[in-house]
Amino acid sequence: MKIVHVVGARPNFMKLAPVARALSKHAGVTQLIVHTGQHYDEAMSESFFRDLEIAKPDLNLEVGSASHAVQTARIMERFEPVVLQEKPDWVVVYGDVNSTAAAALVCSKLGVRLCHVEAGLRSGDRSMPEEINRLVTDRLADLLLTPSPDGGENLLREGVEPSRIQFVGNVMVDSLLHGLPAARASGFRERLGVMEESYALVTLHRPSNVDIPERLNRICQSLGEIAEHMPVIFPMHPRTRSRLTNMDRSSLGKVTVLEPTPYHGTLDLTASARVVITDSGGLQEETTALGVPCFTLRDNTERPITVTEGTNQLVLDLSKLTELALTSGRTGALSRPKGWDGRAGERVAAALMNGTVQ
Ligand code: UD1
């Protein structure tokens, strides 16, 4: 059986690693990794392949950054000949980035079977590019593998045939559990000179937060206030850095701004944080898996299980952020949602091997 994995952006890589590892244990499977090149900086891409022990991509489509339409079109144009030449039994796409939706469109037009890992998540907010990518990909996929029960419920409500849907659990948590010992041993947090459970970790990159100067400024003010009381570590996404170059950054005050951190470094910082402030999808899940309080700077989430069963809280009113962060702490007992057990990759591999969907 020949399987082509398509990845392109940072959060895809953590999802690919456990699936590729599980598939490599099945006899008679050939795997090909296609990197679209949506993310291309060493800190956004190669360093993740190293930490996650993923084989080098067999092919890099080198599409780079561009508008959504141009980036999506470039991926489609460059991926189509790969599918025609390789004739895979399955193409596997991950998550909700532009690379995911672009590859899905190519496969469905060529009649090649498509599997979506992390299917069924919905924020209900179509102003998010990721929500459009999720809707398109799930509409087209032949096999939809969900990380949590709400995923299956959303898909059934949208009329997807039940035979195409399978609950496999959360592959991101596989990577987390696999990587945690190496992350702890990396000494990343210690080198920054911050103590266990004494600091806030911040990540921000959503256009809805960083592309609106007044909102970005308001968030920076809060972070500056929090940093008066505890260390604030802020690895900065290139999009955010570029937005801040044209703004007065003085309100950030004592906040420690870093380059984007590698996978193990980020995991080390997350596992030991007193609190995480973010707009990332992955960190909402990782903090729940680790029992770390998380404040998400968004009005909605496609990962409601992190709120109902985990440690995540949406911050709808930014004026509350400083107080929320300063008064939060860990609450003890850790329980992970069903299927967030480190074996989701094996279940994805089994679903692909048994896949009977036409
Ligand atoms: C993309 C995903 C988002 C995901 C995020 C994780 C889409 C629509 N968005 O957002 O869902 O949460 O990745 O990081 O697919 N840039 C660099 N170096 C890089 C990559 C990007 O400098 O290696 C800069 C460029 O200025 C680029 C900007 O970041 O224009 C945005 O990159 P892009 O891939 O379009 O979206 P992200 O904001 O990274």
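What order, most packed first, do the peptides 16-24, 187-195 have when packing is the mean number of other Cβ atoms within 10 Å of each residue? Present the calculation step by step, with values, prior to reporting the outcome.
Numbers: 16-24: 23.0, 187-195: 14.8.
Per-residue Cβ counts within 10 Å, averaged per peptide and sorted highest first, yield 16-24, 187-195.
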Where a Cα-Cα gap under 20 Å defines reach, which lysines qualify for residue 87, not counting those fewer than 8 residues away within the same chain? 2, 109
Rank by packing, highest mean first: peptides 172-184, 263-275, with packing defined as the count of other Cβ atoms within 10 Å averaged across residues. 263-275, 172-184
Full extension between residue 208 and residue 41 adds, at 0.36 nm per residue less the Cα distance, a length in nm of 57.8 nm
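Take every DSSP beta bridge whose two residues both sit in the chain, then give the antiparallel share in percent to the nearest 5.
Rounded to the nearest five, the antiparallel share is 0 percent.
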Extended-chain gain in nm, criterion 0.36 nm per residue less alpha-carbon gap, residue 323 and residue 25: 102.4 nm
Give me the lysines in straight-line cross-link reach of residue 320: C-alpha distance below 26 Å, same-chain residues under 8 apart excluded. 254
Residue 80 and residue 65 label points (each 7 Å along its Cα→Cβ direction) are spaced in nm at 2.8
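Could you put 87, 254 in order, starting from the residue whose Cβ has the fewest other Cβ atoms within 10 Å?
Ranked by crowding around the Cβ, least crowded first: 87, 254.
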Coordinate range along principal axes, alpha carbons of segment 1-153, Å, largest first: 39, 32, 31
Out of the GluC sites (Glu not before Pro) in segment 1-83, which ones are loop residues according to DSSP with at most 14 other C-beta atoms within 10 Å? 42, 53, 62
Among 112, 171, 106, 307, what is the fewest-to-most ranking by other Cβ atoms within 10 Å? 307, 112, 106, 171
Could you give the length gained on full extension between residue 309 and residue 127, defined as 0.36 nm per residue of separation minus the Cα-Cα distance, in nm? 62.9 nm
In bins 5 Å wide, starting from 0, what share of all Cα pairs of segment 63-103 does each bin hold, as a percent? 5, 24, 29, 25, 13, 5, 0
Whole-number value, in Å³ per residue, for the convex hull of the alpha carbons of the chain is 124
Packing-based order for 141-150, 316-325, using average beta carbon neighbours within 10 Å, highest first: 141-150, 316-325
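Return the Rg/Rh value of segment 177-327, two decimal places, where both radii are evaluated on C-alpha atoms and Rh is the Kirkwood radius.
So for segment 177-327, dividing Rg by the Kirkwood Rh gives 0.93.
Rule-based calculations on the coordinates, nothing more; no lab input. On a predicted model such as this, the values are computed, not experimentally measured, just so you know. Don't worry about glycine lacking a Cβ; one is built from the backbone with ideal geometry, like all the others, and counts go over all protein chains shown.
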